[in-house]
Amino acid sequence: MKNYSEDVFVWVEETHSVGKEEFDNHHKVIFDLINEMQAHQNQEQFKLEFRDLITRSIDYFNFHLKKEQEWLAEVNYPDYEEHCELHKQYILGISKFFLDFTQNKTPDISKFIQFQKQWWTDHICNEDMKYKSYAQ
């Protein structure tokens, strides 16, 4: 399994484009947010700013997933329920991380970033690509 923790997270059209410009643009923002977390994770002052960044990130992740689900419903995507369940499980996981973080527990930020990179890469390249034909 690839270790995503140290690599810059780069959106590549040939690999990541789902054929719907709106979602491609969302994915680019998500990559940027994850890169921002990674760039600052070891800076002492960043620990104070991380809460704001993770809040912004989670808000944006939720925004994107909601828009994607609305569109999948509009196009009568046959795997809609399964796709939404993947989103739900993801949101539950990052919500737990955020709860731990806000309760002054010490979550592993590097592990969280690696999880984000892996989840979004797998989700876009495997799950989101399944709806690409509906976007064209």
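Taking 19 Å as the limit for the C-alpha separation, the pairs Lys96/Lys117; Lys67/Lys130; Lys66/Lys132; Lys20/Lys88; Lys66/Lys111 exceed it in the case of Lys20/Lys88; Lys66/Lys111. Placing unit charges on the Cβ atoms of the charged side chains and taking the dipole of the chain about its Cα centre, the candidate lying farthest along the positive direction among Asn35, His64, Pro78 is Asn35. Under the membrane-span-like helix rule (DSSP H runs whose alpha carbons stretch at least 18 Å along the helix axis, mean Kyte-Doolittle hydropathy -0.5 or higher), the chain yields 80-102.
Helical content of the chain, expressed as a calculated mean residue ellipticity at 222 nm, amounts to -22500 deg cm²/dmol (DSSP H runs of 4 or more residues, -39,500 (n - 2.57) each, divided by residue number, nearest 500). Once semi-axes √(5λ) of the Cα gyration tensor in Å is calculated for the structure shown, the corresponding label among [x] 20, 18, 17; [y] 121, 34, 23; [z] 27, 16, 12 turns out to be [z].
Among Thr121, Thr102, Thr55, the residue with the largest mean-square fluctuation in a Gaussian network model of the chain, with springs joining Cα atoms closer than 10 Å, is Thr102. Among Leu33, Leu53, the ranking by other beta carbons within 10 Å of each residue's beta carbon, starting with the fewest, stands as Leu53, Leu33. Panel order for His40, His16, by other beta carbons found within 10 Å of each beta carbon, from fewest to most: His40, His16. Tell me, what is the percent relative contact order of the chain, built from C-alpha pairs under 8 Å that lie six or more residues apart? Relative contact order, the chain: 42 percent. Could you give the distance between the Cα centres of segment 93-117 and segment 48-62, to the whole Å? Here the two parts' Cα centres lie 11 Å apart.
No value in this document is a laboratory result; all are computed from the given coordinates. Bear in mind that the values here come from a model prediction, so they are computed numbers and not experimental data. Here Cβ is always computed from backbone atoms with ideal geometry, including for glycine, and neighbour counts include all displayed protein chains.
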